[in-house]
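Let me begin by presenting the structure, written as C-alpha cells, before commenting on it.
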Amino acid sequence: MAEDVFKALADPTRRRILDELAERNGQTLFEICARLVTKHGLSLSRQAISQHLAVLESAGLVVTRRQGRYKFHDLNTRPLEHIVTRWLRPEAPESTP
C-alpha cells in the first residue's frame, strides 16, 4: 500500500491537487480544475485531472462521494499515517559488545 502512495505522490500535479483539497476539502472536478488554472497556471483538461484523481483515489489519498449528480472529492490522510509512523518509530538501543 505504501508503494501506491509513493507513486501517487511522485507526480507534481497530483501533489498540487492534494494541496488544493487540503486547503478546501469537498471540491468537484470543475472546482479543482479552476483552482489549478488560477493558482498554478495548469491548463490541463478535465479528463487529465480526472485521471490524476483516479490515481489518488486508488492510493487511498482521495475519497469521492456522490451527492445527486455531483461528485465531491475529499482528502484522506489516513494512508500517510502508516508511512509517518514507520519512519518515526523509536530506534532500538544500540547494543555494545
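Bear in mind that the values in this text are calculations on the coordinates, not laboratory data. Keep in mind it's a predicted model, so treat the numbers as computed, not measured. When we count neighbours, we look across all protein chains shown, and the Cβ atoms used for this are built from the backbone with ideal geometry, even at glycine.
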Checklist entry - In a solvent-free Debye calculation with one equal scatterer on each Cα, what is log10 I(q)/I(0) for the chain at q = 0.24, 0.25 Å⁻¹, listed in the order of the q values? => result -1.28, -1.35
Checklist outcome for this item: With the charge dipole of the chain built from beta-carbon charges (+1 for Lys and Arg, -1 for Asp and Glu) about the Cα centre, the Cα from LEU56, THR28, PHE6 projecting farthest to the positive end belongs to THR28
